[in-house]
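Engineer: Okay, here's the structure, questions in a sec.
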Amino acid sequence: MADQSSSDYVRFINVQKSYDGESLVVKNLNLDIARGEFVTMLGPSGSGKTTCLMMLAGFETATHGEIILDGDSINDVAPHHRGIGMVFQSYALFPHMTIFENLAFPLEVRKQSKSEIETRVKKALDMVRMGAFGTRRPAQLSGGQQQRIAVARALVFEPKLVLMDEPLGALDKNLREEMQYEIKHIHNNLEVTVVYVTHDQSEALTMSNRIAVFNDGVIQQLAPPEDLYERPDNAFVAQFIGENNTLIGSVRELNGTACVVELGDGSIINALSVNVGNKGEQSTLSLRPERVTINPEAGSLPNIVDADVKELIYLGDHIRTRVDVCGHDDFIVKMPNSATHASLTPGDTVKVGWLAEDCRALDAPVDRGVT
Amino acid sequence: MAAATTSDGALTTADGIPLKASLARAERRNRNRALLLVTPLFAFILVFFLMPIFDMLTRSVDNTVVGSVLVRSVPVLSQWDDSSGELPSEAVFKAMVLDIQDGRETRTIGKVGTRMNYEKSGMTSLFRKSGRRAKQIKEAPYKEALIKLDKKWGDINTWRLLKRESDAQTLTHYLASIDMRFNDSGEVVRQPEEKQIYINLFIRTLKLSALITVLCLVLGYPISYLLATLPVRTSNLLMILVLLPFWTSLLVRTTAWIALLQKQGVINDFLVGVGLIGDDGRLAMIHNAIGTVVAMVHILLPFMVLPLYSVMKTIPPSYVRAARSMGATPWTAFWRVYVPNTVSGIGAGGILVFIIAIGYYITPALVGGVSGTLISNFIAQHISVTLNWGLAAALGSVLLALVLALYILYDKIVGIDNMKMG
Ligand SMILES: Nc1ncnc2c1ncn2[C@@H]1O[C@H](COP(=O)(O)OP(=O)(O)OP(=O)(O)O)[C@@H](O)[C@H]1O
Ligand SMILES: [Mg+2]
């Protein structure tokens, strides 16, 4: 990785962080972010996302390792010399200043002229469609409006890098989607590099160029959204991103990219070997619900097993069907709501089948409580 | 709409009672309950706070002692024209002699003497002497007899004074508390130079209180900041240190300052010991204004720290961080973002300390000496030594008015609703 680094704008090199000297909150983080990229840190609560942002912004010091910004190590650079815009989870708008003064603040400390400040603040307010609110105080704005102001304030001094820490966490679904679109739009227009933190996976999937999935202070996988969903590297990512069926068994045969796994009840499953140990070791099989076919023709699929229908949930365009497969009674099948599909009732016994490539054999199971 | 409407369009409830009446009834019940809950507190405040203040205000103008002892002479004296330049008539003298004889019997004449002595010295002895000898006067002419007894009775100013102070209410105490007085001809004039003490005392009280408040702020702000930003365990320990003074006796703490600051005290000994000052140049740091300021800053510091701390506790660290990320130096971020958000705490702490300081009594009494005593020490002196309660009440009322005025001023400038105690 080291030699392709010249194009990377932000680099974390072997970064570790401990608050108490006893446990590591960030364990050996390596992350390269290209100029203009939109990278999202996604992960459960307490996985170290905010800590990483704080180290990048300069409010926490890395216990070990190096952080590089635009080719220079910034370990010893004070926050106000880093020129990084930041949107805080809590917005952090200054309550004693009007919206205009809030946005003018970064320009004032940069000693820009009055007229320059005026035009740039106005431009930034128009960009987030808040032009009419300059004279208000933050407390007089709704959550979504404050959010937009926070974004505008982080961008008004035209930083090359903007950090956003769960900026949409407090918003309702509609407003959140609207804001996601706006932030993405701003990112495309201004060509800034964005490091974004969220624990909402759909937000991460829709907005990012690449997503870094965090768990327990370690990046579990760093990949574009499609890869993350289609090709998870390990059991944590598979479970964390999207809906996922998990079957647990031990490896029977290893054959290049293919493998055979024997489940607890003795069923034999053909799977794609992604991240398995040696023969006999435990493995988690990951299978997306939409890749499962109900009542396939015999012999048409490499994996066909019996399933007891437990529950049907009508969702309009599709029907979520919970079935008992090979001793796992939380197996979900998404059945498109079309005439060609058989109508099932709980208690039926049917066949379900899937391709070996859709069934990814990953590492040993993780504790489900984490997500 | 589900609710019914009467013919005039007012809303009614389902059973036809107008909605407003029904709402009022429901609210009345709540209000009564709330009233019941505050009654004990209200009674307490009434008895122990409002009534003493009312009593103080009445005392400050109360002057019934003259009229109630000199029952015969006051009514006849009021008919005398004090600008005529002549002594009152024989009838007045007769009434006065009888009053003095009665007052001697009931041992009340001395009170009149004391009361009049506040206005003019020599009055106590005049009434005491007259009381002793008035029984010798048996018949007319009373005028000559009384003047023979003491020639002050022949002085027209004595009678003028008596007439002026015979009303049930008087402004004398208020005039005295702002260094004014009635002169012999009854005009309001300034006290003679050597008797002007209270205005200067009020000014000194205000100045020292302001100084104490500023010092408390200067010392308290960094402590509060530390308390609010340190990890909980350390800040709890620090908080105990801040509150420690509350748990030790005020007297002990004040005496400790005496031990530290006096001429032969710890600090002077140390300074002499290291050679910073000579043995004959020991600093006077106690029994003067310095002593008052030092000891009171120490005592009042927690009243500054607590409101400041509770306000700072609510300021998220992200404010300063946001400012830093936008390019502000630590100082700019502190001054332009942090401090403005603590204004409500500064206001609350400042007002608390200032108002406590302005009426503080025990510490200045112990360590204030001459230059460090405050107005309350004089109030206390008038209550327990000179027994001039009227003047004490007037001084107290002026102090109260002063505090209220400052409070209103603060409200105009900063706004009371901005104040946060916690
Ligand atoms: N100032 C601090 N002192 C001590 N421990 C801290 C501090 N800040 C965070 N931690 C710990 O570090 C871990 C990671 O925290 P961090 O705030 O980075 O999580 P996060 O991924 O941002 O979580 P969330 O999604 O809930 O915001 C947590 O276990 C947290 O308790
Ligand atoms: Mg966080």
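Engineer: Treating only the Cβ of Lys, Arg, Asp and Glu as charged (+1, +1, -1, -1), what charge dipole size does the stretch B:64-168 show about its Cα centre? Round to the nearest 20 debye.
Structural biologist: Dipole size: approximately 560 debye.
Engineer: Between A:ALA364 and A:LYS111, take the C-beta separation as r, use R0 = 60 Å, and let me know the FRET efficiency to the nearest 0.05.
Structural biologist: According to the calculation, E is roughly 0.55.
Engineer: A follow-up question, please. With the dipole of chain B worked out from charges on the C-beta (+1 for Lys and Arg, -1 for Asp and Glu) around the Cα centre, which of B:ALA333, B:THR124, B:VAL414 lies farthest toward the positive end?
Structural biologist: Result: B:ALA333, furthest along the dipole toward the positive end.
Engineer: Kindly put A:ILE33, A:ILE74, B:ILE178 in sequence by how many other C-beta atoms sit within 10 Å of each C-beta, fewest to most.
Structural biologist: If I rank by nearby Cβ atoms, fewest first, I get B:ILE178, A:ILE74, A:ILE33.
Engineer: Can you give the FRET efficiency for B:ILE277 and B:LYS207, using 1/(1 + (r/R0)^6), R0 = 35 Å, r = Cβ-Cβ distance, to the nearest 0.05?
Structural biologist: E(calc), rounded to 0.05, equals 0.80.
Engineer: Can I ask one more? Ranked by Cβ crowding within 10 angstrom, fewest neighbours first, how are B:ASP411, A:ASP358, A:ASP76, A:ASP32 ordered?
Structural biologist: A:ASP76, B:ASP411, A:ASP358, A:ASP32
Engineer: Round to the nearest 0.05 the FRET efficiency obtained for A:SER142 and A:ARG35 when R0 = 35 Å and r is the Cβ-Cβ distance.
Structural biologist: The formula returns an efficiency of 0.55 here.
Engineer: Once you charge only the Cβ atoms, +1 for Lys and Arg and -1 for Asp and Glu, what is the size of the charge dipole of the stretch A:24-71 about its Cα centre, to the nearest 20 debye?
Structural biologist: 180
Engineer: Which of the helices in chain B, when you take each full DSSP H run, stretch at least 24 Å along the axis at their Cα atoms and have an average Kyte-Doolittle score of -1.0 or higher?
Structural biologist: B:19-45, B:198-229, B:289-313, B:389-413
Engineer: Please quote Rg/Rh for the stretch A:8-230 to two decimal places, taking the Kirkwood radius as Rh and restricting both calculations to Cα atoms.
Structural biologist: 0.96
Engineer: Just want the answer: with Cβ charges of +1 for Lys and Arg and -1 for Asp and Glu, which residue in B:PHE303, B:ILE267, A:MET335 is farthest toward the dipole's positive end in the protein assembly as shown?
Structural biologist: B:ILE267
Engineer: Mean-square fluctuation check for chain A, GNM, Cα pairs under 10 Å: which of A:ALA154, A:ALA62, A:ALA258 is largest?
Structural biologist: Of A:ALA154, A:ALA62, A:ALA258, the most mobile in the Gaussian network model is A:ALA258.
Engineer: Arranged by the count of other C-beta atoms within 10 angstrom, fewest first, what order do A:MET164, B:MET285, B:MET51, B:MET304 take?
Structural biologist: Fewest-to-most ranking of A:MET164, B:MET285, B:MET51, B:MET304: B:MET51, B:MET285, A:MET164, B:MET304.
Engineer: Same structure again: Show which lysines lie in cross-link reach of B:LYS313 when reach means a straight Cα distance below 24 angstrom and same-chain residues fewer than eight apart are skipped.
Structural biologist: Cross-link targets: B:LYS420.
Engineer: Okay, moving on. Could you rank the peptides A:208-217, B:163-172, B:356-365 by their average count of other C-beta atoms within 10 Å per residue, with the highest value first?
Structural biologist: The most tightly packed comes first, giving A:208-217, B:356-365, B:163-172.
Engineer: Work from the charge dipole of chain B (Cβ charges, +1 for Lys and Arg, -1 for Asp and Glu, about the Cα centre) and give the residue of B:GLY359, B:LEU36, B:GLN79 farthest towards its positive end.
Structural biologist: B:LEU36
Engineer: Where is the GNM fluctuation largest for chain B (alpha-carbon springs, 10 angstrom cutoff): B:ALA256, B:ALA21, B:ALA295?
Structural biologist: B:ALA21
Engineer: Further question: Compute the angle between helix A:99-108 and the longest alpha-carbon principal axis of chain A, please, reported from 0 to 90 degrees and rounded to the nearest 10.
Structural biologist: 70
Engineer: Would you tell me the mean number of C-beta atoms belonging to other protein chains that fall within 10 Å of each C-beta in A:103-114, as a whole number?
Structural biologist: Counting Cβ atoms of other protein chains within 10 Å of each residue's Cβ and averaging gives 3.
Engineer: If you take every DSSP beta bridge whose two residues both sit in chain A, what share of them, in percent to the nearest 5, is antiparallel?
Structural biologist: The antiparallel fraction comes to roughly 75 percent.
Engineer: Taking the Cβ of A:LYS17 as the center, what net charge do the other residues with Cβ under 15 Å away carry, scoring Lys and Arg +1 and Asp and Glu -1?
Structural biologist: Once positives and negatives cancel, what remains is -3.
Engineer: Oh, and also: Could you work out the mean count of beta carbons from other protein chains within 10 Å of each residue's beta carbon in A:80-89?
Structural biologist: 4
Engineer: As a test of the definition: which semi-axes, in Å, follow for chain B when you take the square root of five times each eigenvalue of its alpha carbon gyration tensor? Largest first, please.
Structural biologist: 56, 39, 18
Engineer: For the stretch B:192-297, with only Lys/Arg (+1) and Asp/Glu (-1) charged at the beta-carbon, what is the dipole magnitude about the Cα centre, in debye rounded to 20?
Structural biologist: Computed about the Cα centre, the dipole is about 340 debye.
Engineer: Taking every pair of alpha-carbon atoms in the stretch B:198-418, what share in percent sits in each 5 Å bin, from 0 to the bin with the longest distance?
Structural biologist: Values per bin, smallest distances first: 1, 7, 12, 14, 15, 15, 13, 10, 7, 4, 2, 0, 0, 0.
Engineer: If you count the DSSP beta bridges with both ends in the protein assembly as shown, what percent of them are antiparallel, to the nearest 5?
Structural biologist: Bridges in the protein assembly as shown are about 75 percent antiparallel.
Engineer: If the cut-off is 29 Å between C-alpha atoms, which lysines fall inside it for B:LYS151, apart from same-chain ones fewer than 8 positions away?
Structural biologist: B:LYS94, B:LYS111, B:LYS120, B:LYS129, B:LYS135, B:LYS138, B:LYS143, B:LYS163, B:LYS195
Engineer: What value, in deg cm²/dmol to 500, does the helix sum -39500 (n - 2.57) over DSSP H runs of n ≥ 4 give at 222 nm once divided by the residues of chain B?
Structural biologist: Roughly -20500 deg cm²/dmol at 222 nm, from the helical runs in chain B.
Engineer: Follow-up. Rounded, prolate or oblate: which fits the protein assembly as shown, taking a ≥ b ≥ c as square roots of the Cα gyration tensor eigenvalues, rounded meaning a/c under 1.5, else prolate when a/b beats b/c?
Structural biologist: Here the protein assembly as shown falls in the prolate category.
Values in this text are rule-based calculations from the coordinates and carry no lab data. Note that the structure is predicted; figures quoted are calculated from it, not measured. For neighbour counting, all protein chains shown are included, and Cβ atoms are generated from backbone atoms with ideal geometry for every residue, glycine included.
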